[in-house]
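Heads up: the structure comes next, in structure tokens.
What follows draws every value from the coordinates through simple rules; no lab data is involved. Everything numeric in this text was worked out from a predicted model, so none of it was measured. All Cβ positions, glycine included, derive from the backbone under ideal geometry; neighbour counts span all protein chains shown.
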Amino acid sequence: MLRARRILTGRRRTVFWGFVDQGFSSVTNFGLSVLAGRLLGPSGLGVVFLSFSIYLIVLLLQRSLVSETLLAITSALDPQRRARTASLGLTLSLLGGGGATIAVLAFGLLLPGTDGAAFLLVAPWLVGALLQDYWRNLLFRERRPSAAAANDGAWLLVMVLALPVAWVFKSEWAVMTVWGLGACGGAVLGFVQTRTAPSPVRDAWRWWRKEAWPFGRWNAAASVVLNVGSNAAAFLLVGILGARDLGGYRAVVSLFAPLSLIGPAISLPGLPAVARAYAVSFHRARALATQLSGIAVAASLMFFTVLLLGGWRLLPLLFGASFEPYRDLVPAVAVSQVFSAVGVGYPLLLKVQQRGPFLLFSRLAVTIAGLGIVAASAVEYGLIGAAWGTAVVALISSLTLVLGVLRDPRSIPSPAPIQGADATPETATDSTFLAP
């Protein structure tokens, strides 16, 4: 009974810090938009948004190919091997950031006008931003969630301290500099927190090609399909309903979509925890994945209980009176978010199992079917139909993930067991290479 209580308390603490960490991250991203909008107006915000979108694309690739793969296959290893893979991952992050910087600079110099400017604005900060994200993932792997939150908090603090730069120069360069300095602050702090040095490039490349690439390529492809699908749905709605209805829908989603906070807050600590549980047994890992989905559903329901009791008034308050007619979309968006929350925990187990083909082809099938459902719903019932069609797609996606974890394909090698007297994922010895 005492052990069970200690395990439950540890999980709650980790998830709590996951929400704190993602809260800091969301504030820095939102703060970038607010700062650009206030100082530069709609056109300046558009350029900054393009720059941020380029960063998100590069970040998606690093997470899929390096960070998530690293956590999935190494979280259950002993401290010495985790220390070695931390150095290998650090080298890969630095190499990836350097390569992305060169590529983005090249695009910036070749593309004319606004597009080229957007690439050039974000290029100087890619190494620092990617490295900071690597640190936060690594710190969660090492059961140091408060340190991960502190790292994202440092990003926010440096941004606040650098605000005078934006207020004095009032340019896209100044706004992105404020954001980029925050990212570099977190990147530098990560070295202090972990005391990790890069490994030789040859060792990092050999490890990535042998250990990470077999699953990472599938994971990256699945992430790209998911990202492309969401953007394709937006273009579909513009073609069927027009830009005005898409704008109204996006306003509702941006305000009433808590999974943008809840999902990462649970996944960051959840992936290494599920990996450690899977080292003990498949059933333990599946139970933990189910608990994480339950937390996501509960958090979504709490969020929407408040909003549906009157929180919908925030829509015209923040976006203007012209958006009030779109409040009818709130129930559909709420249901869609709850359905999506059901599937939050299960992709973590699929990644730990290294079931890349299932991740890719299930995402691809749901994306293709989903685009058809949303398009047909929009044509037949307009915007409200498209919103409810999106909820149906979210349910299909979550059910697909649930079906995917009903069995354990033992053809996939299980992670190496955790060293120590007690091999439960909650009580195994923590890594000693990261500074307390």
Q. What is the fewest-to-most order of Met302, Met176, Met159 by other Cβ atoms lying within 10 Å of their Cβ?
A. Met302, Met159, Met176
Q. Which distance in Å, rounded to a whole number, links the C-alpha centroids of region 26-66 and region 322-394?
A. 24
Q: Just grab the label-to-label distance for Ile102 and Leu403, each label 7 Å out from Cα along the Cβ direction, in nm (one decimal).
A: 4.5
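What size of dipole, in debye to the nearest 20, comes out for the chain about its Cα centre when the only charges are +1 on Lys and Arg C-beta atoms and -1 on Asp and Glu C-beta atoms? Write down the numbers at each step before the final one.
Working: 34 positive and 18 negative charges, 253 e Å.
So the magnitude is around 1220 debye.
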Q: Starting from the Cα-Cα distance between Val253 and Ala287, subtract it from 0.36 nm times their residue separation and give me the gain in nm to one decimal.
A: 9.2 nm
Q: Would you work out which of Pro198, Gln22, Phe107 lies farthest towards the positive end of the dipole of the chain, given +1 charges on the beta-carbon of Lys and Arg and -1 on that of Asp and Glu, about the Cα centre?
A: Pro198
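Please report the net charge: other residues with Cβ closer than 12 Å to the Cβ of Leu35, K and R +1, D and E -1. Present the calculation step by step, with values, prior to reporting the outcome.
Numbers: positive: Arg38, Lys170; negative: Glu172.
Local net charge: +1.
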**Q.** Label zone at Leu111 (point 7 Å along Cα-to-Cβ), backbone N below 16 Å, region 28-46
**A.** 44-46
Q: Lys and Arg at +1, Asp and Glu at -1: add these up for the other residues within a Cβ distance under 15 Å of Thr390 and post the number.
A: -2
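Might you report the magnitude of the Cβ-based charge dipole of region 1-199 about its Cα centre, with Lys and Arg at +1 and Asp and Glu at -1, to the nearest 20 debye? Don't skip to the answer; put the middle values down first.
Details: 17 positive and 8 negative charges, 235 e Å.
Dipole about the Cα centre, nearest 20: 1120 debye.
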Q: May I ask you to sort Phe358, Phe235, Phe215 by Cβ crowding, counting other Cβ atoms within 10 Å and putting the fewest first?
A: Phe235, Phe358, Phe215
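Which of the peptides 268-278, 120-130 is most tightly packed, and how do the rest follow, judged by the mean count of other Cβ atoms within 10 Å per residue?
Numbers: 268-278: 27.2, 120-130: 23.0.
Per-residue mean Cβ counts within 10 Å order the peptides as 268-278, 120-130.
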Q) Add -39500 (n - 2.57) for each DSSP H run of 4 or more in the chain, then divide by its residues: what number comes out at 222 nm, to the nearest 500 deg cm²/dmol? A) -27500 deg cm²/dmol
**Q.** Separation between Cα centres of region 167-201 and region 250-294, rounded to whole Å
**A.** 28
